[in-house]
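> Got a structure for you, written out below as structure tokens; questions coming shortly.
Bear in mind that the values in this text are calculations on the coordinates, not laboratory data. Computed from a prediction, not measured in an experiment: that's the story for all the values here. Note that each Cβ is placed from the backbone with ideal geometry, even for glycine, and that neighbours are counted across all protein chains shown.
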Amino acid sequence: MVGAGSGSKIGAMAEGALLKVLCAAGMLIAGTAAAFAQEGRSVSKLSPDIVTSLAPAGKLRAAINFGNGVLAQRDPQTGAPRGVSADLAGALAQRLDVPVEFVAFEAAGKVFDALKTGAWDIAFLAIEPVRAAEIDFTPPYVLIEGTYMVPRESPLKTIQDVDRAGVRIAVGQGSAYDLYLTRTLKNATLVRATAGGGRAMIDLFLADKLEVAAGVRQPLVAYAKTDRSVRVMEGRFMVIQQAMGTPKGRDAGARYLRLFIEEMKASGFVADALARSNQPDAAVAPPAGN
């Protein structure tokens, strides 16, 4: 039988054990918070090296590629950037507690070329080996398809039909699909559109009566709806992995961007931004490693 004195001792022991557990939990929470802050995950205040790395001039200069209508569009009233790229840049600038400055380009190749002049701090580009030599990329946040458009009566029926001698393919110079097809095609010839925006390769395809136009599926499908003389092929020749990137050498910023983009995917931010900009066919990339 347990007496009153024994009960008091047990109660005191239990209370002491509880205090130890609470103390340990408090230390764990504090340690986790410190780790998050060290990695720059705190939404209230990031470490100074991350801010300096991504916005060395006191503002976040974000390259926006209007050549890819899935990711960026112009507001019809103001001309200001909108879409998932602009939304991500704005959210990042808010985290950094600096203003955002959009640096506009009409093609992905021009964004990459501007890296040499230090024109931007972050960019939204497809992951490509040529680019990855000079840019630290996050995991992808959006996946889109590269495919072909041909004249409606073309004998080319499938993606595999295109890579044959005598087939000329219009591409946007320096685009992700230009870089990919340059590496992978064996027989067809690439003809590069060097000027203009996202439909430059379509204009070249039409003007020079080429056999094929290569590009992002959505703008090709949108054009084909207005011109019954062409058709877009089923299937794809590549999956284009769209990511955020920062110039090589900004290690603290690059580490934080990887955390940031994973959070934006997981929270639904990327999906919501795509929906707001009327891009239902673009797929949010899975978590990194999946």
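> For PHE102, what residues show an amide H to amide H distance below 5 Å, using hydrogens built from the backbone and excluding near sequence neighbours?
Correct list: ALA62.
> Between their Cα atoms, which of LYS157/LYS265; LYS116/LYS265; LYS59/LYS248; LYS186/LYS225; LYS225/LYS265; LYS59/LYS116 are more than 28 Å away from each other?
Working: LYS157/LYS265 36 Å; LYS116/LYS265 30 Å; LYS59/LYS248 18 Å; LYS186/LYS225 31 Å; LYS225/LYS265 31 Å; LYS59/LYS116 19 Å.
In this structure, LYS157/LYS265; LYS116/LYS265; LYS186/LYS225; LYS225/LYS265 lie more than 28 Å apart at Cα.
> For VAL191, list long-range residues whose amide hydrogen, built 1.01 Å from N in the peptide plane, is under 5 Å from its own amide hydrogen.
Close amide H contacts, sequence-distant or interchain: ILE169, ALA170, VAL171.
> Moving on. Output ³J(HN,Hα) for region 279-288: one whole-Hz value per residue in order, computed from phi by the Karplus curve 6.51 cos²θ - 1.76 cosθ + 1.60 with θ = phi - 60°, and x for Gly and Pro.
Result, rounded to whole Hz: 10, x, 8, 7, 9, 5, 5, x, x, 4.
> Same structure again: Express in % the proportion of alpha carbon pairs of region 144-238 at distances exceeding 16 Å. Mind showing how you got there, number by number?
Details: 2103 of 4465 pairs.
Of the Cα pairs, 47 percent sit more than 16 Å apart.
> Listing VAL232, VAL103 from the residue with the fewest other Cβ atoms within 10 Å to the one with the most, what is the order?
Details: VAL232 19, VAL103 16.
The fewest-first ordering by Cβ neighbours comes to VAL103, VAL232.
> If Lys and Arg each add +1 and Asp and Glu each add -1, what is the summed charge of the other residues whose beta carbon sits under 11 Å from the beta carbon of PHE102?
Details: positive: LYS59, ARG61, ARG74, ARG82; negative: GLU101.
That sum, taken over residues with Cβ under 11 Å, equals +3.
> Within a Cβ distance under 14 Å of LEU204, other residues only, what is the Lys/Arg minus Asp/Glu net charge? All intermediate terms of the calculation are to be shown ahead of the outcome.
Values: positive: ARG168, ARG192, ARG199, LYS209; negative: ASP178, ASP203, ASP208, GLU211.
It works out to a net charge of 0.
> For ALA243, enumerate residues with amide H under 5 Å from its amide H, sequence gap 5+ or separate chain, H modeled in the peptide plane.
Excluding prolines and chain starts, which carry no amide H, the hits are LEU125, ALA126, ILE127, TYR141.
> Counting other beta carbons within 10 Å of each residue's own, what order do ASP281, ASP163 fall into, fewest first? Display every interim value, and only then the final one.
Numbers: ASP281 12, ASP163 17.
By the 10 Å Cβ count, ascending, the order reads ASP281, ASP163.
> Quick check on the exposure proxy: order ARG276, ARG168 from fewest to most C-beta atoms within 10 angstrom.
On the way: ARG276 12, ARG168 16.
Going from sparsest to densest Cβ surroundings: ARG276, ARG168.
> Rounded to the nearest 20 Debye, what is the dipole magnitude of region 173-290 about its Cα centre when Lys and Arg each give +1 and Asp and Glu each give -1 at the C-beta? Intermediate values should be presented prior to the final figure.
On the way: 16 positive and 11 negative charges, 33 e Å.
Using Cβ point charges on Lys, Arg, Asp and Glu, region 173-290 gives about 160 debye.
> Enumerate by residue number the trypsin sites (Lys or Arg not before Pro) in region 185-273 meeting two conditions: DSSP loop (anything except H, G, I, E, B), and at most 13 other Cβ atoms within 10 Å of the site's Cβ.
Working: sites: LYS186, ARG192, ARG199, LYS209, ARG217, LYS225, ARG228, ARG231, ARG236, LYS248, ARG250, ARG255, ARG258, LYS265; in loops: LYS186, ARG199, LYS209, LYS225, ARG228, ARG236, LYS248, ARG250.
When the trypsin sites (Lys or Arg not before Pro) of region 185-273 are filtered for loop state and at most 13 Cβ neighbours within 10 Å, LYS186, LYS209, LYS225, ARG228, LYS248 remain.
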